Each structure stands twice: as C-alpha cells, then as structure tokens.
Amino acid sequence: MALLEVKDVEVRFGGIVALSGMTFDIEEGQICGLIGPNGAGKTTMFNVISRIYDPTVGTLRFNDVDLLKTPPHLIAETGIFRTFQNLALWPRMSVIENVMAGAHVRSKQNFGSAMLNVGRKKEEKKLASEAFTILTDLGLANVAFQQCAGLPYGTLKRIELARCLIGHPKLLMLDEPATGLTHSEVDELSIVIQKIRTDYNLTILLVEHHMGLVMSISENVVVLDFGRKIAEGLPAAVQERPRGDRGLPGGTRMSDTSTTTDLVLDVKGLEGGYGQIQVLHGLDFHVADGEIVVILGANGAGKTTTLRAVSGMIPRTGSVKLRGEDISNAKAPDLVRQGVAHVPQGRGTLPELSVEDNLRVGAYIRDDNEVDADIDKWFGVYPVLGERKNQRAGSLSGGEQQMLAVSRALMSRPSLLLLDEPSLGLAPIIVAELFERFAEINKETGTTMLVVEQNAQLALGIGDRGYVLESGEIFTEGPADELINDDAIRKAYLGV
C-alpha cells in the first residue's frame, strides 16, 4: 500500500485552475521527483499535501488516513515535514536552536508544565543531544553553536534538513533544495538526501528544477505542465518521452530573424549576486542587432539574476557594453535612457492606473510628438488592450497584463528588450499567442530581445541562439535549432 495517495486533486483560485486531475502514489521508502516548468503547479501540490491549501475536489490519503480531515496545524504530527523554496531559519538563533525548534510536535510540555518549569531542562537537554547528533550526521557539528546569520547558503539548506529530521518525519517534502547551490554543493546534496533516506527510514517527495539531481536519485518521477500530470514513471522513461508536449511541435522555427555582426549587447566576465551569495560566475555572452537570444536553465541557475545584472538592478562586476559603449557602472534609470527596457517577472504593471496611462508611463523619457501614435500601434498589436484602454490595469487577466507590460516597455523605443519568464503562470493558448507576437515584433520593428524562459521549446522556437545556464555558469550555447534538437538539453530541460 502506498504511503501517500493523491487522487483526482483539483485546485482553483477563482477562475484559474492551478491543478487538474492530479493522481499519483508514493510508496513507502521511495524518493519521488515532482518536476515541471515554472507555473506547472508543483508548489501548489506541496501546499495541498501540507494542508496550506484545500483542494476544490479530490482525495488525499496518508498512511491510510484521510489527510483532508487533518487541520493544517496538526499536519506535522502525522509525520509530514517540508522545507520551503525560500530559507525559513531564525538568523539570530544558533544552528542547534533552529534544529531543536523542529521537535515542537514531540514536546511533552504543556502550558501548565511550562509555567511551573517542570521537566523543561531535562527535555531540552535530550533534544539538544539529538539535534547535535543530526548535525553531526549532516557534517554540521562545527557550526552547531554559531548563529545562522552569515553562514554559507549551502550550509543553511542543510540546517533546514536537520530541523525536519528532528521531528521524526515519515514523509519529507523538499521544495527546490538545490536552488542557489554550486555544482559541488548539489553533488553533496545528492549524497545527503540518499543518506538520510536510508539512515532515517524516510519517504521523500522532491520538487526540483535541477534535472541531474532529480534523475540521479529518484525512483519515480511525476511531470506536471499547466497543472496537469503529463508523464510518470522511471527517470529514464520520463526523459525519453516524445517531444512536443508543450509549445511548438518538433521545435519548428516561427520566424527567421536576420542578424548582423553589430553587437547590441556584449558581456564578458559578468559576476553578480545578492549580499554574500554570489550567483553569477564569469558569464560571457552577446546579443547581435535584431537577434532574439534565449537564456535557459533550471530555477536557481542565475537567469533572472543575469537580466538584473545587465539592467543595473543589482551590483555587478565584469564588462557590459551596449552598442560598444561601456555601461558596466550605469544604474537602471540611466540604462532606460540609453535604450534598455526590462520586463521583470510578475509584469510590474501599475494596477491603479488605466491601461493607457501605463503605456504613457513607459514613454516618460521621450519628448517627441509620436507617443500617441505609438500607443495606437501597440493597441493594434494587442487589440484587447485597446478595448480596455480606460480599464484599471489591476483588473486585467494575467495574459493581458503581460501584453501591457511588454507594450509599456516598447513605448520607450528600446534598442534592447529584456523579457524575464513571460510565460509564467499563463494558460497555454495565451503563452503561444504571446510568443507569436514577440516574433512578429522582432521581425517588423527589428527590436533586439534577450529572453529568459523556462519553456525551452517555445522560446527556442522563436530564438536565433541560446545559452544554457547551470549554477551561474554557461553550460552550453549554440544556434536555437541545434539546441532544440540536442539530446542532452532535451533530457536536462524536459520542455524540449
């Protein structure tokens, strides 16, 4: 009998279907990988299992008990523990104190005994000893009594694992544990996960974009796309599934864009990150005039950070040139005036302003008399925006907001358009329409584009060239039509 049984689970947020007909089992002692592109529904599935979300329909059974009858605050008592995508440690507490906090479900203390201080010291001593043993197992004994603040990112990830282990879980759910880790740290994580599965008699459900990690340690892999299960089976069988599940079948190019030897963007030795965490490690890449260049990679590979570094949103080192001019030290506001427009994840529209006013904001650097003409032009490209020009931007659908965000960026008449995950959270039909429009805009206006995208097949379908990032370094690069048919890329990024 399976330890976890998920049957016909559907989750809706208003009119948005986040999960539909999700059915899969996890056998006791198994490592199961749950994979798919951004917006596929992986974390939503995690949140359903951990009872953060209630499914609209469907059943969940854990250890042959109806999980939907268990309130969220008691879910850990059933033996289900999880980590989150973002670190959730107390930075000013010591490592061992953070780990001991994970044993709250096992505490024998109650309000009365705590007030009277009965048995507290004895219990804390026992938990501290167990926490130190777990930290030793994970190679963290040397930092047990240090504050978490300032410790390396990979170390903090293992501390979260230790905090789960002290709760004596039956099912351990790991939400993107490899995000932000270096190659060597991912290799270490692979060993750690397999070790704790054996040593602590665990069943593990793993959400992860690092395909090398998932495929090397999982016995079963479930693939999601747009909230539906599209494949399940052994890692090798899933990797060999037919192409064309998403995006353009067979990687057919939607348009042929002409390129020149003139470089709009020339980047050498680019490094950047956040605080003490270095994400990018010496990237070299370029974008020629009129090209669409695609940056691919798993979550945490450094794709979004690359765009932020190029557009001056984060500190960076290395050489960045725009049409031959050194912009390495330029700030984001200055780069807009120099011809760089950045459409970030989440679109960034101004929700209280009308659609038309959002477009006018995009033209704030201009002092010519053609702003109204450009507004009409983009209303022509995206007629739905023209129909809703007086409507609040915040009331638009996700796809309409993405159209507005792109149009607003183009109102500045940029020489380089940066697009960060434009398909994120959108329905397949809307995504296909968006990418068709990107190709048309590139062909008709000659706008140079640098696109970060999880949907590899769709992005490469309109692209001229691509770069694949892994752990902040360029793993491979080449013409789009070669990358889309590269067996190694296809296996690493299952959207192709």
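What follows is calculated from the coordinates using simple rules that are stated; it is not laboratory data. Computed from a predicted structure; not experimentally measured. Ideal geometry is used to build each Cβ from the backbone, glycine not excepted, and the neighbour counts take in all protein chains shown.
Once fully extended, how much extra length lies between residue 121 and residue 369, figured as 0.36 nm per residue of separation less the alpha-carbon to alpha-carbon distance? Don't skip to the answer; put the middle values down first.
Details: separation 248, 0.36 × 248 = 89.28 nm, distance 7.60 nm.
So the extension gain works out to 81.7 nm.
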Query - Theoretical FRET efficiency, 1/(1+(r/R0)^6), r = Cβ-Cβ of residue 332 and residue 16, R0 30 Å, to 0.05 - result: 0.45
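Treating the beta-carbon of each Lys and Arg as +1 and of each Asp and Glu as -1, no other charges, what is the dipole magnitude of the chain about its Cα centre, to the nearest 20 debye?
On the way: 49 positive and 64 negative charges, 388 e Å.
Charge dipole, the chain, about its Cα centre: 1860 debye, nearest 20.
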Query raised in the report: Can you list the HN-Hα couplings for segment 81-88, worked out from phi with the Karplus curve (6.51, -1.76, 1.60; θ = phi - 60°), rounded to whole Hz and with x for Gly and Pro?
Result: 10, 8, 9, 10, 4, 9, 4, 10
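Taking 25 °C and 0.890 mPa s as the conditions, I'd like the Stokes-Einstein D for segment 414-453 in µm²/s, using the Kirkwood hydrodynamic radius from alpha carbon pairs.
Details: Rh = 10.6 Å.
Estimated diffusion coefficient is 231 µm²/s.
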Query raised in the report: Please report, for the Cα atoms of segment 331-426, the Rg to one decimal and the Dmax as a whole number; what are they, in angstrom?
Result: 12.5, 37
Requested in this report: Run a plain Debye calculation on segment 345-496 (Cα atoms as equal point scatterers, no solvent) and give log10 I(q)/I(0) at q = 0.11, 0.20 Å⁻¹, rounded to two decimals, same order as the q list.
Outcome: -0.46, -1.24
Query raised in the report: What list do you get for 42, 195 if you sort them by fewest beta carbons within 10 Å?
Result: 195, 42
Report summary line: The extension gain from residue 436 to residue 28, computed as 0.36 nm times the residue separation minus the Cα-Cα distance, is 142.3 nm
Requested in this report: Report, largest value first, the span of the C-alpha coordinates of segment 29-114 along each principal axis, in whole Å.
Outcome: 42, 29, 27
Query raised in the report: Beyond 18 Å, what percent of the Cα pairs of segment 388-477 remain?
Result: 48
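Looking at the chain only, what percent of DSSP beta bridges run antiparallel? Nearest 5 please. Provide the component values of the computation, followed by the final result.
Details: 44 of 78 bridges.
Antiparallel: roughly 55 percent of the beta bridges in the chain.
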**Report entry** Sequence-distant lysines (8 or more away, or on other chains) whose Cα lies within less than 28 Å of residue 268
**Finding:** 303, 321, 331, 443
Query raised in the report: Where in segment 12-51 does the amide nitrogen come within less than 13 Å of the point 7 Å from the Cα of residue 429, taken along Cα to Cβ?
Result: none
Query raised in the report: If you put +1 on each Lys and Arg Cβ and -1 on each Asp and Glu Cβ, how big is the dipole of segment 1-98 around its Cα centre, in Debye rounded to 20?
Result: 400
Query raised in the report: For segment 66-105, what are the per-bin percents of Cα-Cα distances with bins 5 Å wide, up to the bin holding the maximum?
Result: 5, 19, 24, 22, 17, 9, 4, 1
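Any idea what the relative contact order of segment 112-243 is, in percent, if you count C-alpha pairs under 8 Å spaced at least 6 apart? Mind dumping the intermediate values first?
Values: 103 pairs, mean separation 21.1, N = 132.
It comes to 16 percent, rounded to a whole number.
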**Report entry** Under the Karplus curve 6.51 cos²θ - 1.76 cosθ + 1.60, θ = phi - 60°, whole-Hz ³J(HN,Hα) for segment 390-398, x wherever Gly or Pro sits
**Finding:** 9, 8, 4, 4, x, 8, 6, 6, x
Query raised in the report: Which order do 319, 190 fall in if you start with the one that has the fewest other Cβ atoms within 10 Å?
Result: 319, 190
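Ranked by Cβ crowding within 10 angstrom, fewest neighbours first, how are 435, 24 ordered? It would help to have the intermediate numbers written out before the result.
Numbers: 435 23, 24 19.
Ranking 435, 24 by Cβ neighbours within 10 Å, fewest first, gives 24, 435.
Percent relative contact order of the chain, based on C-alpha pairs within less than 8 angstrom and at least six residues apart?
Values: 999 pairs, mean separation 80.7, N = 496.
It rounds to 16 percent for the chain.
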Report task. First measure r as the distance between the Cβ atoms of residue 94 and residue 325, then evaluate 1/(1 + (r/R0)^6) with R0 = 56 Å and state the FRET efficiency to the nearest 0.05. Result -> 0.65
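Past the 29 angstrom mark, what percentage of all C-alpha to C-alpha distances in the chain do you count? Working shown, then result.
On the way: 67619 of 122760 pairs.
So the portion of pairs separated by more than 29 Å is 55 percent.
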Report summary line: If unit charges are put on Cβ atoms (+1 for Lys and Arg, -1 for Asp and Glu) and the dipole of the chain is taken about its Cα centre, the option from 14, 344, 333 lying farthest towards the positive end turns out to be 14
Report summary line: In deg cm²/dmol, rounded to the nearest 500, the helical mean residue ellipticity at 222 nm of the chain, built from -39500 (n - 2.57) for every DSSP H run of length 4 or more, is -9500 deg cm²/dmol
